[in-house]
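The values are calculated or read from the model by the stated rules, or taken from the named source; none is laboratory data. What you see is a predicted model; the values in this text were computed from it and never measured. Note that each Cβ is placed from the backbone with ideal geometry, even for glycine, and that neighbours are counted across all protein chains shown. Accessible surface is based on the protein model in full, side chains and every heavy atom, while ligands, DNA and RNA are left aside. Shrake-Rupley method; radii C 1.70, N 1.55, O 1.52, S 1.80 Å.
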Amino acid sequence: KPLKRSAYKKDRGSSAIFGSSRQYPSAARLSAKAAFAARGGLVTLYCDEDVYQIAAVESPSVIVREYTNQSVDQYDAILAGPGWGNGREEVLLPLLNSDRPLVLDADAIHAYASLFQQGMLPQENRTADSIFTPHLGELRVLGTAVLQRPCYGPDESPQLFFANLSELAQRLGSTLVVKSSIIHLVDRSRAITILERLNPSLGVGGS
């Protein structure tokens, strides 16, 4: 919709992105650009000290900070995981315990699966909306942790694949966006939407 003439940054949503690492320093920076492209008003990127300088010069509009257990209550939505690297369980856990809408991507999915297997997650599902965005490899990790079986295999029928996706979304209390040449969207009600005819030019790192 057209923006109001009086539209201001604090009227248009504030998001926090947790990501990037020495190995993948640009992933969260791409996400910050995407947040602005979606016309968010304020974007804050939390990253490691060793990529801070790189992130800080990427865009003068992005607020760049190091995470030291600050509250995330001031944000309207949180994204965790792009380019994050391994061993992020201690950072992810307080984000999961917050009441902010949360998107878990990439390495945050691996951290979630690890926390789940260790029994470190709250028994009740989050009250705020959550979205998991696994590709097929990450879906296998997530399904093995939560359902104690992979969500797909070479001998499985589409019907069984859909049933596994629906069960996983319900167990997570979240929406799944399963990324491959076909996108499967699965919400908590177990409804599945399939997006076809994707643009193969987007099949590159960061898209």
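Here are a few things to note about the model shown:
- The listed peptides 170-180, 47-57, 190-200, ordered by packing as a protection proxy, come out as 170-180, 47-57, 190-200 (highest mean of other Cβ atoms within 10 Å first).
- If only the Cβ of Lys and Arg carry +1 and only the Cβ of Asp and Glu carry -1, the dipole of the chain around its Cα centre is close to 860 debye.
- Solvent exposure of the chain amounts to 57 Å² per residue of accessible area, where only protein heavy atoms count and the probe is 1.4 Å.
- Here the extension length gained between Gln148 and Asp129 equals 4.5 nm, from 0.36 nm per residue of separation less the Cα-Cα distance.
- Taking the square roots of five times each eigenvalue of the Cα gyration tensor of the stretch 72-152, the equivalent ellipsoid has semi-axes of 20, 14, 12 Å, listed largest first.
- For the chain, the alpha-carbon radius of gyration amounts to 1.04 times the rule-of-thumb value 2.2 N^0.38 Å expected for a compact globular protein.
- Measure of compaction for the stretch 27-106 (Cα Rg per 2.2 N^0.38 Å): 1.04
- Heavy atoms of Tyr46 accessible to a 1.4 Å probe, total area in Å² rounded to 10: 10
- Apportionment of accessible area to carbon and sulfur, the chain, percent (1.4 Å): 51
- Overall, the stretch 1-68 carries a charge dipole of about 660 debye about its Cα centre when +1 sits on the Cβ of Lys and Arg and -1 on the Cβ of Asp and Glu, all other atoms neutral.
- From most to least packed by mean Cβ count within 10 Å, the peptides 13-19, 83-89 give 13-19, 83-89.
- Estimated D of the stretch 136-207 in µm² per second, where Rh is the Kirkwood radius over Cα pairs and Stokes-Einstein applies at 4 °C, 1.567 mPa s: 102
- Of the residues Pro82, Ala145, Ser6, the one whose Cα sits farthest toward the positive end of the charge dipole of the chain, with +1 on the Cβ of Lys and Arg and -1 on the Cβ of Asp and Glu, is Ser6.
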